[in-house]
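This report refers to the structure that appears directly beneath it.
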């Protein structure tokens, strides 16, 4: 048997895994910004995940330019790109849709997501980007991502001007 250390990277990976399970339980489909960037948006359609299901979701015209802009890497590295936020979420509920493409008429069911481990705060770049977007940004915080608890707490905060004044 081998024992591995609980590193910051492992804690971050566990937080992201808990977040994905949170999305599944709460009816949110997610897609990483890296996946959006690599697969490109065709006819306003993006492939999202929720649990073991995949959904093709057609987003409204008025948010596509923002989604494309925010889904570009914030650095110029081809092998190690970084993105300002972690995910784009879309509310799909708990039922599995039979439709090939789910059409969203408005963007109230869409949000940006940034997952933080512990009590990490948003970076200066994330805050400055938030001031230039129309799709709401939520911070999802997993204070304790260690394995062994019966329940994992995940806090979600709408990042708006009130949030930012409190955070500073």
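Values for this structure:
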quantity	calculated
Cα gyration tensor category, rounded, prolate or oblate, for segment 1-97 with a/c compared to 1.5	oblate
Packing-based ranking, highest mean first, of 126-134, 150-158 given that Cβ atoms within 10 Å are counted	126-134, 150-158
GNM top mover of 69, 141, 111 - the chain, alpha-carbon springs below 10 Å	69
Efficiency of FRET between residue 40 and residue 108 - r from beta-carbon atoms, R0 22 angstrom, step 0.05	0.35
Rel. contact order, % - alpha carbon contacts under 8 angstrom, at least six apart, the chain	22 percent
Counting DSSP beta bridges with both ends in segment 10-145, the antiparallel % (nearest 5)	65 percent
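Since every read-out is calculated from the coordinates, none of them should be taken as a lab result. Computed from a prediction, not measured in an experiment: that's the story for all the values here. Glycine gets a Cβ as well: all are built from the backbone with ideal geometry, and neighbour counts include every protein chain shown.
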